[in-house]
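Some notes on the structure that comes next.
The values are calculated or read from the model by the stated rules, or taken from the named source; none is laboratory data. Everything quoted here is computed from the prediction, not taken from an experiment. We place every Cβ from the backbone using ideal geometry, glycine too, and count neighbours over all the protein chains shown. Ligands, DNA and RNA are stripped out before the accessible areas are found, and what is left, the full protein with its side chains, is counted by its heavy atoms. Shrake-Rupley method; radii C 1.70, N 1.55, O 1.52, S 1.80 Å.
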Amino acid sequence: MNLGYVEIRGMDVNAGIDLTIPLSSSPTHPLTISANGTYTYQKAQDFTDPTDPLTFGGQIAYIPWHSSSVMTSVSWNGLSLQYVFNYVGTRYSASANTLANQVPAWHTHDLAVKYNIQHFHISLEINNLANQQYEIIRNYPMPGLNGKVVIKYSL
């Protein structure tokens, strides 16, 4: 969608921590724990047409005010367990910020188990654990509970 004049104000906050814990039973393979989080606030307003009270000053279509994600992982000796939480807040599917155009907020919980050994990478991923029904774009539903197995070999 092309818009003539917009103003976007907001903030991004990112934080992370990585811990390496030496294990006396396995001194060459420490336990590593990681956690990373992001939060975004955006007030993205359309100021293109001051004569249109439905769109002037309204939030731009599909831009949520709030979104965030958290990713955590625990790894040891090529094996890792990961958890990801994603959240996208309420937004609108059109320039007119009306209740009829409102797209509900959504969130997902994802899990992955990964194993790397020499040239092999094997992973099992389970996405949308809560089986939440949601749409990123109106009338295009995203998959519910789903998963995949990935096996890679590289030289």
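In what sequence, highest mean first, do 55-65, 2-12 appear when ranked by Cβ atoms within 10 angstrom? Could you put the intermediate results ahead of the total?
Numbers: 55-65: 17.9, 2-12: 10.0.
Averaged packing, sorted descending, gives the order 55-65, 2-12.
Equivalent ellipsoid of region 1-90: semi-axes from √(5λ) of the C-alpha gyration tensor, largest first, are 45, 10, 8 Å. Computed from label points 7 Å out along Cα-Cβ, the spacing between D12 and W65 is 2.2 nm. Solvent-accessible surface of region 1-40, averaged per residue with a 1.4 angstrom probe and all protein chains in place: 78 square angstrom. Its Cα centre serving as origin, the chain has a Cβ charge dipole (Lys and Arg +1, Asp and Glu -1) of approximately 380 debye.
Between T51 and R138, take the C-beta separation as r, use R0 = 30 Å, and let me know the FRET efficiency to the nearest 0.05.
Numbers: r = 26 Å, r/R0 = 0.87.
FRET efficiency, T51 to R138: 0.70.
Residues in region 76-155 average 64 Å² of solvent-accessible surface per residue, probe 1.4 Å, ligands and nucleic acids excluded. Rolling a 1.4 Å probe over the protein heavy atoms leaves K152 with an accessible area of roughly 120 Å². Across q = 0.21, 0.24, 0.26, 0.32 Å⁻¹, region 57-100 modelled as identical point scatterers on its alpha-carbon atoms has Debye log10 I(q)/I(0) values of -0.71, -0.82, -0.88, -1.06, in the order of the q list.
For region 21-120, calculate the relative contact order in percent as a whole number, restricting contacts to Cα pairs under 8 Å that are 6 or more residues apart. Could the numbers behind the result be given before it?
Numbers: 213 pairs, mean separation 24.2, N = 100.
Value for region 21-120: 24 percent.
Cross-link partners of K114 among aspartates and glutamates, defined as those whose alpha carbon lies under 16 angstrom from its own and excluding same-chain residues fewer than eight positions apart: E125.
Each of [x] 22, 20, 17; [y] 25, 18, 14; [z] 41, 18, 12 is a candidate for semi-axes √(5λ) of the Cα gyration tensor in Å; the one calculated from this structure is [z]. Comparing P53, P30, P143 in a Gaussian network model of the chain where C-alpha atoms under 10 Å apart are linked, the largest mean-square fluctuation is found at P53.
Rounded to the nearest percent, how much of the accessible area of the chain (1.4 Å probe, protein heavy atoms only) is carbon and sulfur? Mind dumping the intermediate values first?
On the way: 6120 of 9980 Å².
Reported share for carbon and sulfur atoms: 61 percent.
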